[in-house]
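Below: the structure, in structure tokens.
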Amino acid sequence: MLIILIIYATTLFLQYWLDIINIGHMKKYGTKIPEGFEGFIDEAVLKRTHAYTRERNSFSLVESLFSSIVTLLFVFGGLLGRYTSWVSSLTGSFILQGTCFFLFLSYASSLLSVPFSLYSTFRIENTYGFNTMTPKLWLTDFVKSTLISSVLMIITLACGLWIVQKSPNLWWLFAWGFFFLFSIFMMYISPYVIEPLFNKFTPLESHDLERKITTMMQRTGIRVSRVFTIDASRRSHHTNAYFTGIGRTKRIVLYDTLINKMAENEVLAVLAHEAGHWKKKHVLKMIMIFEALSLARAYVAFRVLKSGILAETFGLPGNFFAELVVLAFVFSIVSFPATPLFSALSRRHEREADRFAVGLAPMPEALATSLIKLSKDNLSNLHPHPLYAAVYYSHPPVVERVRTIRELAAHLP
């Protein structure tokens, strides 16, 4: 147990150290306007970016420290054993016990996160002009998301625990298969059932832009069923666009904030980048990697739980659900070294999508200007520490991306 605590403390120290050196690096170089960003970024924007990034990072450190303390108290302070005994007293059913065990834990986690969510939304995001959400809308979203997650958790937990009960030696395989199929099912129904509960989707008003989007996508083999705008401005001024749908037929969703802030060619360039992800099968590759790792984790969990080593090491009463919690804690520590590997893979995919977009978009320079505008509007850190970016950044730093895009565009025939 002591070894696990030392490894956990070391992991936390590394995470906090990376945050600190990243802020220090931005403080040192953050007032320098990158080459090619002139005319878009000025000193005032850089100062706001520095202040926003520093405040967000400081807030994240406090939130992470609080979460770590609560986790350690729960797992190592005796609260897990007491909680397990209390849930066990409610019912003798294995499935009902497990469902209540994890459902109540999710409620506790959600309630503990409320003060941080409120501060982030109505203090930090409000101060820097991003938040447009009202307290009423925040509460409505919270209630809706809690109800939906409760229903989904009850269904998946009940089915998963039924599999464990009926197949004690192969539950790891059958449970993995069930959760995989359920996730695919959710990918199909979420755009049509869940997302409309939170946002209003309306057809794109500009028929000319829709025609240009459809024509561009047809060149890649993507059939566009519809192009919608989403009322994201009700909650935030942040911008985005995404595809939904599995297979060749896609539904394209554009944030209304993106439409309002970008020129047509920039919108097309952003979508060309997303088309690059589909053409290069990045989503499929990531699903395959994630599911392979999930299967491996399920098997490891089965072997570890069967050995009883967790109950012996942590002094647990041999409860299946309590041991799963401890195992998830251990997995979170063990998986941290893989973070830079997945970040590097993600950055590789982003570079491939950028290269594809340069050849597809009507005006390649529009991809560069769209990224500059996004970084300005979102107050993105233009000078991250290289080590911090290597560990955490899923996209190459925006200055590097813009420079690469312009170099690729210069060599187009």
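No value in this document is a laboratory result; all are computed from the given coordinates. Treat the numbers as computed from the prediction; the structure is a model and nothing was measured. Methodologically, a virtual Cβ is constructed for each residue, glycine included, from the backbone with ideal geometry; neighbour enumeration extends over all protein chains shown.
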Please give the net charge around ILE148, taking every other residue with its beta carbon less than 15 angstrom from that of ILE148, where Lys and Arg add +1 and Asp and Glu add -1. -1
Using the Cβ atoms and a cut-off under 14 Å, what net charge is assigned to the surroundings of LEU305, where Lys and Arg are +1 and Asp and Glu are -1? +1
Divide, for the chain, the radius of gyration over alpha carbons by 2.2 N^0.38 Å, where N is the residue count. 1.09
Under a 10 Å cutoff between Cα atoms, tell me which one of THR53, THR214, THR91 has the largest fluctuation in the Gaussian network model of the chain. THR91
For region 352-369, Karplus couplings with θ = phi - 60° (6.51, -1.76, 1.60), whole Hz, Gly/Pro x: 5, 5, 5, 4, 5, 5, 4, x, 9, 5, x, 10, x, 4, 5, 5, 5, 5
Cα gyration tensor of region 47-102 diagonalised, 5x eigenvalues square-rooted, in angstrom largest first, produces semi-axes 39, 13, 5
Within region 184-220, what residues put their amide N at less than 11 Å from the label point 7 Å along the Cα-to-Cβ vector of LYS144? 194-201
So what is log10(I(q)/I(0)) for region 114-267 at q = 0.10, 0.12, 0.20 1/Å, when the Debye sum runs over its Cα atoms only? -0.54, -0.73, -1.21
Sticking with the crude label model, points 7 Å out along Cα→Cβ, report the distance from ILE95 to PHE290 in nm, one decimal please. 2.7
Taking 0.36 nm per residue of separation and subtracting the Cα-Cα distance, what length does fully extending ARG56 through ALA44 add? 2.5 nm
I'd like the distance separating the alpha-carbon centroids of region 1-55 and region 176-254, in whole Å. 33
Does region 328-381 classify as rounded, prolate or oblate by the C-alpha gyration tensor (a ≥ b ≥ c root eigenvalues; a/c under 1.5 gives rounded; else a/b over b/c gives prolate, otherwise oblate)? oblate
For LYS250, which sequence-distant residues (separation of 5 or more, or a different chain) have an amide H within less than 5 Å of its own amide H, given hydrogens modelled in the peptide plane? ARG223, VAL224, SER225
Build a GNM of the chain with springs between Cα atoms under 10 Å: which of GLU266, GLU35, GLU323 gets the top mean-square fluctuation? GLU35
Would you grab the residues whose amide H sits under 5 Å from the one on THR229? Only those 5+ places off in sequence or on another chain, please, with H modelled 1.01 Å from N. THR202, LEU204, LEU254
C-alpha center-to-center spacing [region 142-168, region 290-311] in angstrom: 20
Given axes a ≥ b ≥ c from the Cα gyration tensor, I'd like to know whether region 1-58 is rounded (a/c under 1.5), prolate (a/b larger than b/c) or oblate. prolate
Calculated FRET efficiency, VAL300 and THR215, Cβ-Cβ r, R0 35 Å, to nearest 0.05? 0.10
From the gyration tensor of the Cα coordinates in region 1-137, what semi-axes in whole Å does the equivalent ellipsoid have, largest first, with each one equal to sqrt(5λ)? 41, 22, 10
For the chain, what does the helix formula give at 222 nm: sum of -39500 (n - 2.57) over DSSP H segments with n ≥ 4, over the residue count, nearest 500 deg cm²/dmol? -23500 deg cm²/dmol
Taking 0.36 nm per residue of separation and subtracting the Cα-Cα distance, what length does fully extending ASN169 through PHE201 add? 6.9 nm
